[in-house]
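Below: the structure, in structure tokens.
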Amino acid sequence: MFFLSILKPLFKPSVNALLTFMEDASVLVIVLTFFVFWVGCWLPVAGILAIFLNWQPNKPVQPEQKIPLLVSLYLLAPLILWGVNWLSKKSFSDYGFIVNISTLSSLGLGLGLGVLSLVVVFSGQLWLGWCSFQKSNIKLVLPIFLPILLIALLVAAIEELVFRGFLFTELEQDYPIWLAAVISSLIFALLHLVWEQRETIPQIPGLWLMGMVLVLARFFDSGNLGVAWGLHAGWVWAIATIDTAGLITYTDKVSDWVTGKNKKPLAGVAGIICILGTGAMIWFFL
């Protein structure tokens, strides 16, 4: 305590200067500060995990390697964002992340809408004969049902807080709403290239459109992230469950640009229709 009492006056001017700088900083400086600190704090953690997971950056990330890396990255985001908020005197509620009953209700609504939209799209593909349903794999769903849901909720919560919350809100201060939505959605899409470039490149337009619809979901939820969080989680949950359990097999009756390049719905016309249809439902019914 004696040493702290000596050091505190030495650090106080620097802290005050930093607080003043962040309060007067431009939107781009605040955004860059967050992403630089986020990645900078994660890299040492990623390095340690890479050793234990035997992961090499120049090789594709395997699913069993990606999940620990992804979770460690995402768990750091709220802490870094809290620090940036403290410096700029803001809170998570400024970004639409409010913990209350209304948010939980919106979360459930978005979750149901996300799953329903994919059920409709895949039902249409099954009816057209573009894919087939593997009934024998239904038994594989139960063991993975809850774990995938929890991961989906975590991933969606962090991504919505960062991109539709922090990034969109900050950009909105200096740019028109439509431009803030376009830029934040583009950054959201491009950052997915960090994990898998070959499979992600065809998904970039779909990911950008997904970001735009999620901004729309926040707009129609009175600025809160509940619907966007649930919608995002519902999509991740449904797609990850289908892929992990092998519930769908494509028949190759149409081009994979229709059903989804590399079996990724967002890289095909069907996925784009799903996103556009969901956006239309939000626009007309929420």
Any residue in the stretch 180-199 that is of a type outside the set (Val, Ile, Thr), closer than 13 Å to His232 by Cα, in the same structural domain as Gly277 (by TED's automatic domain parsing) and out of contact with any helix residue (DSSP H, G or I) (no Cβ under 9 Å at 6 or more places or on another chain)?
no
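Name the residues in the stretch 228-286 that are polar (S, T, N, Q) and free of Cβ contacts under 8 Å to residues at least 60 places away in the same chain, would you? Give the derivation first.
Of all residues in the stretch 228-286, those polar (S, T, N, Q) come to 241, 244, 249, 251, 255, 259, 262, 278.
Across the stretch 228-286, the qualifying residue is only Ser255.
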Close pairs from the stretch 139-159: first closer than 13 Å to Trp235 by Cα and outside the structural domain of Val215 (by TED's automatic domain parsing), partner modelled with pLDDT of 95 or more and assigned to a helix (DSSP H, G or I), Cβ under 7 Å, at least 6 apart
none
Unique match (being assigned to a helix (DSSP H, G or I), surrounded by fewer than 17 Cβ atoms within 10 Å (Cβ to Cβ) and modelled with pLDDT of 70 or more) among Leu4, Leu73, Leu69, Leu32
Leu32
Those residues of the stretch 211-236 which are among the aromatic types (Phe, Trp, Tyr) and surrounded by fewer than 23 Cβ atoms within 10 Å (Cβ to Cβ), in sequence order
Phe219, Phe220
Lone qualifier among Ser117, Ser123, Ser136 - being within 21 Å of Phe188 (Cβ to Cβ) and either in the same structural domain as Val269 (by TED's automatic domain parsing) or at pLDDT 95 or above (or both):
Ser117
Confirm whether Gly206 is closer than 16 Å to Phe168 by Cα, under 16 Å from the mean Cα position of the chain (by Cα) and at pLDDT 95 or above.
no
State yes or no: is Ser132 under 21 Å from Tyr250 (Cβ atoms), among the hydroxyl-bearing types (Ser, Thr, Tyr) and not in a helix (DSSP H, G or I)?
yes
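The values are calculated or read from the model by the stated rules, or taken from the named source; none is laboratory data. Worth saying up front: this structure is predicted, and the values here are computed from it rather than measured. All Cβ positions, even for glycine, are placed from backbone atoms using ideal geometry, and neighbour counts span all protein chains on display.
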